[in-house]
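Taking it in order: structure first as structure tokens, then the write-up.
The values are calculated or read from the model by the stated rules, or taken from the named source; none is laboratory data. Values in this document were obtained by computation on a predicted structure and should not be read as measured data. Every residue, glycine among them, receives a Cβ derived from its backbone with ideal geometry; neighbour counts consider all protein chains shown. Just so you know, the surface numbers come from the protein's heavy atoms only, side chains and all, with ligands and any DNA or RNA stripped out. Shrake-Rupley method; radii C 1.70, N 1.55, O 1.52, S 1.80 Å.
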Amino acid sequence: MRLILLGPPGSGKGTQASLLSEKYDIPSISTGDILRQSIEAQEELGLKAKKYMDEGALVPDELVIAMVKSRLIKPDCERGFILDGFPRTVAQAEALDSLLNSLGYSLRAVINIDLKDEVVIERLSGRRMCKRCNRIYHVVYLPPKTTGICDDCGETLYQRDDDKPEAIKKRLQVYMVQTTPLIHYYQEKGKLISINGDREVKVIHEDIVKRLV
Ligand code: AMP
């Protein structure tokens, strides 16, 4: 099972990716998580990416494409994978096509999680994340048992810099201009499955699984 999750920031791609990863026992690969870990570890890639990420812009294609290539050739991807947050531009989608071809892999589907801008803004501004395990919370809709502390690992939660109002606005613009052309790109290839993202996490998950049968 090889899947791509498409959708605006805050549409629940990360949450759905981890549920699908558990269900199909395949790795979920989030380019955003890999980049944030690289920043945390003060690696060269992270240092190059940080300035783009902080302002809500996309990291240059060549950096992200190289990063995904080195991840997809790992043995745990042989049985399948879920891409969360990649591709985000047509150039990335084309690079992914040729990589999958060269590995002899084909895509099962591209899940497009649909969500209105107003809902995106409400979700992102209340989002909190665990620094250690990347678990996602929301101050109103998905609060941890103890305010500010991860239920799973006890680490302090934080708000991503790019979940602050100015960066959210920019990310939505970037999504509209650079990523929405991919909806058409994958529709043409007959791979697109569109899902209403304005529902409960569990209902969306069940809908995706049903559509993949
Ligand atoms: P995310 O966690 O998926 O919302 O990604 C956070 C940020 O990481 C984005 O706003 C971009 O700056 C960067 N990023 C993640 N994935 C990509 C990608 N495929 N192409 C370019 N930049 C990316």
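An oblate overall shape is assigned to the stretch 165-213, the ratio a/c of its alpha-carbon gyration tensor axes (a ≥ b ≥ c) being 1.5 or greater and a/b not exceeding b/c. Listed by number, the DSSP H helices of the chain that run 18 Å or longer by alpha-carbon position along their axis and have mean Kyte hydropathy of at least 1.0 come to an empty list.
Pulled fully out, how much extra length does the chain show between E188 and N101, if you take 0.36 nm times their separation in residues and subtract their Cα-Cα distance? So the chain would gain 29.5 nm between E188 and N101. Since only Y141, P87, G154 are under comparison, the one whose Cα sits farthest along the positive direction of the charge dipole of the stretch 72-213, derived from C-beta charges on Lys, Arg, Asp and Glu, is G154. Using R0 = 30 Å, the C-beta based FRET efficiency linking E118 and K210 works out to 0.65. In the assembled protein chains, D61 presents an accessible area of approximately 50 Å² (probe radius 1.4 Å).
Taking the DSSP bridge list for the stretch 58-213 and keeping only pairs wholly inside it, about 60 percent are antiparallel.
Once both labels are positioned 7 Å from their Cα atoms along Cα-to-Cβ, the gap between A57 and V90 label points is 2.1 nm.
What the Cβ-Cβ distance of C77 and M176 gives, at R0 = 35 Å and to the nearest 0.05, is a FRET efficiency of 0.70.
Cα-Cα pairs above 26 Å in the chain: how many percent? The answer is 32 percent, as a whole percent. Is the shape of the stretch 77-158 best called rounded, prolate or oblate, per the rule: a/c under 1.5 gives rounded, else a/b larger than b/c gives prolate, else oblate, with a ≥ b ≥ c the square roots of the Cα gyration tensor eigenvalues? Note, shape of the stretch 77-158 comes out prolate.
Most tightly packed first, judged by the mean number of other beta-carbon atoms within 10 Å of their residues, the peptides 38-46, 12-20 read 12-20, 38-46. Given R0 = 25 Å, the distance between the Cβ atoms of D151 and R108 translates into a calculated FRET efficiency of 0.20.
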